[in-house]
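Taking it in order: structure first as structure tokens, then the write-up.
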Amino acid sequence: MRNHVHLVLDLPPLVDVPRLVQGLKGASARIANRDGVMPRAKLQWASGYDLRSVSVRDVKRAIAYVCSQDQRHPDMALGMSRAESPSSA
């Protein structure tokens, strides 16, 4: 999506989630800005994040939800084909 990211992560129970999110945002912004991914302006993440825990039973449904974002919001999709997506690798 052009304006947000969905991730499904399997994390150990004692992971420091705020630190993990800070690291993901910081590293991705540095790489995107270094590589000129956003030609008009630098990538700047919004403050905060939304975290949801899912049961083992609901993991496949959560992954399907994330993978269907380009179909649910085609006007916000980045245009990456399914063959190019990391889940296809």
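The values are calculated or read from the model by the stated rules, or taken from the named source; none is laboratory data. Please read all numbers here as calculations on a predicted model, not as lab measurements. Heads up, the Cβs are rebuilt from the backbone with ideal geometry, glycines too, and the neighbour counts pull from every protein chain shown. To get the accessible areas, we keep the full protein, side chains included, count just its heavy atoms, and leave off ligands, DNA and RNA. Shrake-Rupley method; radii C 1.70, N 1.55, O 1.52, S 1.80 Å.
What to note about this one:
- Reference-scaled alpha-carbon Rg (2.2 N^0.38 Å with N residues) for region 1-69: 1.29
- Each other residue within a Cβ distance under 15 Å of residue 23 adds +1 if Lys or Arg and -1 if Asp or Glu, for a net charge of +2.
- Carbon plus sulfur fraction of accessible area for region 1-57, probe 1.4 Å, in percent: 56 percent
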